[in-house]
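The next block holds one structure in the form of structure tokens; read it before the comments.
Computed from the coordinates by the stated procedures, all read-outs in this text should not be read as laboratory data. Just so it is clear, the structure is predicted and the values come from calculations on it, not from any experiment. Note: ideal-geometry Cβ built from the backbone for every residue, glycine included; neighbour counts use all protein chains shown.
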DNA sequence: ATCCAAGGTTCAATGAATGAACTTCCCTGC
DNA sequence: GCAGGGAAGTTCATTCATTGAACCTTGGAT
């Protein structure tokens, strides 16, 4: 494989990780999955990625055990993509990447993550400063920050305006 | 810009971050820079990336303020690339990405990161469990793990076998 | 019988990555 | 004074990936 996604010469866990989630769009798919996006069309709308690329990335993420395809209705047959434990484990990475992006390149705070139990905003490592524990992903409450467009065009972005816990499926109103 | 590195439709700090460090090779360049690699040829040898791509990535990283070009000798004029504060701030992201890669896809531990002051192995967020503090990057001691090839071919990998602090420049023996 | 929506696949065009070859600058040895 | 060499790139044809638009399929709903 002369070109492509691998880093053959690297003896490094970071390189291994990047071979799996380092391609264009991949980490954003995982992000959306953590935010509660589950359906092909919702990923498509929210990401704006080409259909073929999205399909390929979903396939790859399933093959690596990061997402799982699950039938949620029989007729017509419809599947949804949900994150596995392995996908969940990417939360600290995404959190720190987002934090870095905001601190060094972002203007306003776009999304705020809180401990659902006590309302405290999470620290840089996903911990709750009040409770002194690392907050499990399902207990993270995501609320819109001041920098977020209050009236976005697409229904997925609109659904993501409502405060909600991570992983909790979004409600597009067209469901 | 119809194709390329940006994620125009995304209103998200993670997407902003990925526009900057999400391209192929970029995060590995930053990783190497944190490990103490500083010279074009050393990056080249250690990464195995095409020369043109490496040059482009170094340029981009400088433009974004993640690396800094610094003259380290006048004649012949030679520059080295060193990480800035902004680049340093990527350490938690790289750390958690590497941890995820190892826990979910790696076999053995390749590199071990310790608190230089006390020798304790770092926790998942770069903290020292003994001292109870987040360890500053220059105080992180990197030692080879059991899974690392003890006799690598290239001189940079060989230099990275010696226990050393992050950021401390490598010694290739040909310097 | 026709329309529609979800979830894809196919395809030509474009842009990025690759590896090899070439260039430049300056130093060192003969 | 000249040949050779290393560091740090640039150039270029080829290969691969991404893009966006169009098309396809399945199974309701009208």
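Kindly indicate which of B:121, B:171 is out of contact with any strand residue (DSSP E or B) (no Cβ under 8 Å at 6 or more places or on another chain) and surrounded by fewer than 18 Cβ atoms within 10 Å (Cβ to Cβ). Full working, then the answer.
Values: B:121 fails: out of contact with any strand residue (DSSP E or B) (no Cβ under 8 Å at 6 or more places or on another chain).
Unique residue meeting the criteria: B:171.
Please count how many residues of segment A:28-42 are within 12 Å of another protein chain (Cβ to nearest Cβ) and touching a strand residue (DSSP E or B) at 6+ places or on another chain (Cβ under 9 Å).
Residues meeting the conditions: 4.
Any idea which of (1) in contact with a helix residue (DSSP H, G or I) (Cβ under 9 Å, 6 or more places away or on another chain); (2) buried (at least 18 other Cβ atoms within 10 Å of the Cβ); (3) closer than 23 Å to residue A:147 by Cα; (4) more than 9 Å from chain B (Cβ to nearest Cβ) is the one residue A:108 doesn't satisfy?
(2)
Here are some conditions: (1) facing chain A (nearest Cβ under 9 Å); (2) surrounded by 15 or more Cβ atoms within 10 Å (Cβ to Cβ); (3) in contact (Cβ under 8 Å) with a residue 40 or more places away in the chain. Residue B:116 meets all but one. Which one does it not meet?
Result: residue B:116 passes all but (1).
Does segment B:128-138 hold any residues that are exposed (fewer than 15 other Cβ atoms within 10 Å of the Cβ) and part of a helix (DSSP H, G or I), and which are they?
Once the filter is applied, which keeps residues that are exposed (fewer than 15 other Cβ atoms within 10 Å of the Cβ) and part of a helix (DSSP H, G or I), segment B:128-138 yields only B:138.
Could you please give the count of residues in segment B:43-58 that are within 12 Å of chain A (Cβ to nearest Cβ), under 16 Å from the mean Cα position of the chain (by Cα) and not in a loop (DSSP other than H, G, I, E, B)?
Matching residues across segment B:43-58 total 4.
For segment A:142-155, how many residues are more than 11 Å from chain B (Cβ to nearest Cβ) and either buried (at least 18 other Cβ atoms within 10 Å of the Cβ) or touching a helix residue (DSSP H, G or I) at 6+ places or on another chain (Cβ under 9 Å) (or both)?
Result for segment A:142-155: 3.
Picking from A:19, A:11, which residue would you name as being crowded, with 17+ Cβ neighbours inside 10 Å, out of contact with any helix residue (DSSP H, G or I) (no Cβ under 7 Å at 6 or more places or on another chain) and more than 30 Å from residue A:173 (Cβ to Cβ)?
Just a single option satisfies the conditions, and that option is A:19.
Conditions tested, residue by residue: (1) part of a strand (DSSP E or B); (2) within 13 Å of chain A (Cβ to nearest Cβ); (3) within 16 Å of the chain's Cα centre (by Cα); (4) more than 15 Å from residue B:37 (Cβ to Cβ).
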| site | (1), (2), (3), (4) |
| --- | --- |
| B:61 | no, yes, yes, no |
| B:65 | no, yes, yes, yes |
| B:68 | yes, no, yes, no |
| B:72 | yes, no, no, no |
| B:79 | yes, no, no, no |
| B:87 | no, yes, yes, no |
| B:95 | no, yes, yes, yes |
